[in-house]
Each structure stands twice: as structure tokens, then as C-alpha cells.
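Here's the structure we're looking at; comments come further down.
Taken together, the values in this text are just the output of simple stated rules run on the coordinates, not laboratory data. Remember, it's a predicted structure, so these values are computed and weren't measured experimentally. Don't worry about glycine lacking a Cβ; one is built from the backbone with ideal geometry, like all the others, and counts go over all protein chains shown.
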Amino acid sequence: MDFGFDETTTEHRERLLAFMDECVYPAEHAFHEQAATSGWGPPPLLEDLKAEARRRDLWNLFLPGEHGAGLTNLQYAPLAEVMGWSPGIAPPATNCAAPDTGNMEVLAQFGSDWQRKEYLEPLLNGEIRSAFAMTEPDVASSDATNIATSIRRDGNEYVINGRKWYITGAMNPNCAVFIVMGKTDPDAPSHRQQSMVLVPRDTPGLTVRRGMRVFGFDDADHGGHAEVVFEDVRVPVDNLIGEEGGGFAIAQARLGPGRIHHCMRLIGMAERAVELMCRRALSRNAFGKAVAQQGVVQDWIAESRVRVEQLRLLVLKTAWLMDTVGNRGAHTEIQAIKIATPAGVEWILDKAIQVHGAGGLSQDFPLAGLWAGARSLRFADGPDEVHKRSLAYRELKKYMG
């Protein structure tokens, strides 16, 4: 395994680093000021950043093949890390933000020609946003076979009834379409009951009821996380993605690359936390000496560096395996990074907050928001316990008779 940057990665990374230094970091203060008054829509300055990113050819970097930048997972991973230094701005500015990234991958891989024309093209151009409606409040959604939303065929239409929540981006006025997962055949084998359909936002019966908070944050700058109700929502059968009963398999295909993206952005978040922790420790005195000279703080800094290096190598190995043997061959590592990275970065952010004292809890530093993001990722794409359960089973299977 060679994780050194090749020429393509180096060239993209240098341009992205310049974009971060010249455009993203200087815009952070204004971005958050605008976000406080822009409702559920994106701060206005985001459009200027998007235009500049496109001008610099920093657009759709996450998507392989003809629709995107053509990068491998291993080439994209270091770029996602750089974006993680400012995760609220850099990903949407470069059209590399979830949930659109996963939705674009689904449409590129499984969508019909008209679905790609109607929704993939404007998503690729950054003209619309989208949402992925899977999680439900009335069942344990960590087991996807529990999904209870009904997708019933009635002639040439599907009729959808159900309630979803924590649907990221749904409050954004630019969110034009939902990918909805529900059951088309409750009597089929457990992993063939689910299907995915496209539901335009303005479809009668679809109600975006409220935005849900995450540790007190509403995440309004990208459209929040909404509770959404479907009451006799009707869409044409052509809105089915792939085939009936294929929803579970599509969901699994969607999650593999997404976990690489999340985890590498988390590495960037951790690196920023380490920098902030070191600068703060060197600038403050307590009990007669610099905070940086306190043994416990030195221990936190050293441990943080070790964890960052370990996690980065694990994620890069996973990206390399996905490129060389595919998602199925990288199954163990994909689960391992999802278990280890959010928890490890959460620990680092916690220590950085501690070093900042009360300031670490405030809006004057990015740490509280970054911590909430890392903690919530221990639920997103499946909770820790589900990945541990599956990973343990794969290990035990080696020794079963």
C-alpha cells in the first residue's frame, strides 16, 4: 500500500489548500453571521464561494467517473480531510456536501435516463439540493428492515404513507427532491422488502413539519434536519430508483463512499482541533506556568497526535481497498473506520474544548459545533453498535465450524 500523494492528488490538494486560505477561512465569520439571519436557506455568500470553486476547478471532487472529477477514493480522501477544517463551508462550496453526494452517487449508479436528466444534472451543477428520507421516529431505524413507511403500488402510481425525521437538508428552500426509502412488499424476504422512490418536494401530501435540533444546534445554514410526513403522497411508478425490492442494496452501496467522506472530514476536524488546542495552551497561564506546560495537557496533545495518525492510516487503507477490491472486499475496514473515527475525533475535540475553558463551549470558537457534528456521526450511517455487531460476526465466522 502506497499512501503517498500522486501527481493528480497533489495538484488538486494544492489548489484546494489555496482556496481554503484565500476564500473559505476569511469567510467563516461572515458566513456564520449571515447564517443567523438567513433562516433555513444558505448564507448568501455561499453562492460566491461556489462560483469561485468552479472557476478553480474544485467541483464535484467526490464523484468518480464521467459525472465528477474522476478521482479514486484514495485520491479524494486527502481532499476531504482538507475540507474538514471548515466542514460547514468547504463541502457545500465545492458541491461535495452530504446528503447530495450520496444522492448523486445513487442517481449516477442506479437512476434511469430521465431521473438523471431531471435531478442528477441540476445536482451536479449545484442548482438544487436534495434529501435522503430513511430514518423514522416510531421504529428502531438502526435496523433498516424495521422501516415502516409504506410504498404501495396503485396502477401507474406509488402511494406513500409514513413519517421520517432527522432528514438532513429538508428545510432548505433549495431542496427540490427527496429519495424516500419504504416498504413495497412487507411479505418479501427481509432485505427485499424495501424500495427507493423519488418524491419532488412540492408533491401534495408531503409536509416538512419541523426542524430537529442536534445538541441544541439547528444546522440551519444547510437546511437542518427535519421531521417529514407523507400522507397519501402519489408519484409515478417511473420515480422508482432501480427495481422494487432493491432499496436495501442501494442503501448499502450509498453508504460505502459516504463513510470515507465523513471519516476523512473528521480527520480534518481533528487536525484543526489540535491546532487550536496547542495555540490556546501556549497563550494561557494557570497555576504559575503556561497551560502548555501542564502535564495533563501535554498528555492530551500527544494522545491526540497519535490518534489522528492512526485514524488517518486506517481510513486511507480503507479507501485503497475500496479502489482495489471494491466495497465488499473492504467491508471490514469500512465498518472499522465508522466505529473508530467519530469516537476518536470526539475525544480530541473534547480535550480541545477543555483546554479552551468556557470559551470552548461558546460560539466564539468552532469547537462546540465540531464536537456536536462528530458525536452525531456516531448515529449517522448507522450507530456504533450496529457496526460492531456486524464486524464481530465477521470475525467470529472465521472460526465457526
Taking the stretch 148-203 and keeping residues under 23 Å from Leu120 (Cα atoms), surrounded by fewer than 18 Cβ atoms within 10 Å (Cβ to Cβ), touching a strand residue (DSSP E or B) at 6+ places or on another chain (Cβ under 6 Å) and touching a residue at least 60 places away in the same chain (Cβ under 8 Å) leaves Glu157, Asn174
Tally up the residues in the stretch 243-261 that are part of a helix (DSSP H, G or I) and of a type in the set (D, E, K, R), please. 2
